[in-house]
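To start, the structure under review is shown below, and the notes come after it.
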Amino acid sequence: MSTVSVVLIVLAAVLGVASVSGIYITNVTAKPGGIPRWVVHLFLATLVVGLAAVLTLV
């Protein structure tokens, strides 16, 4: 496993935790109105970095 793969995996994990905590910080679970755009973009960034991490492992 290369250094780039490890860095991407750690970055994907950090972004994943940040997107989940972003949902709770904005109190989406307590009120209707949907998830804010910045949380959705953070989650999409998590998916992109996670995909890049998987592709570097192959």
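Given the structure, is residue 53 outside any loop (DSSP other than H, G, I, E, B), at pLDDT 90 or above and more than 8 Å from the chain's Cα centre (by Cα)? Yes, satisfied. Here residue 51 fulfils each of the conditions (1) closer than 18 Å to residue 4 by Cβ; (2) exposed (fewer than 12 other Cβ atoms within 10 Å of the Cβ) apart from (2). For the stretch 21-41, the criterion of being open to solvent by 90 Å² or more (accessible area, probe 1.4 Å), within 14 Å of the chain's Cα centre (by Cα) and under 25 Å from residue 58 (Cα atoms) is met by no residue.
The values are calculated or read from the model by the stated rules, or taken from the named source; none is laboratory data. Model, not experiment: these values are computed from the prediction. Cβ sites come from the backbone with ideal geometry, for glycine too, and all protein chains shown count toward neighbours. Each accessible area value is taken on the protein alone, full model and side chains, heavy atoms only, with ligands, DNA and RNA left out. Shrake-Rupley method; radii C 1.70, N 1.55, O 1.52, S 1.80 Å.
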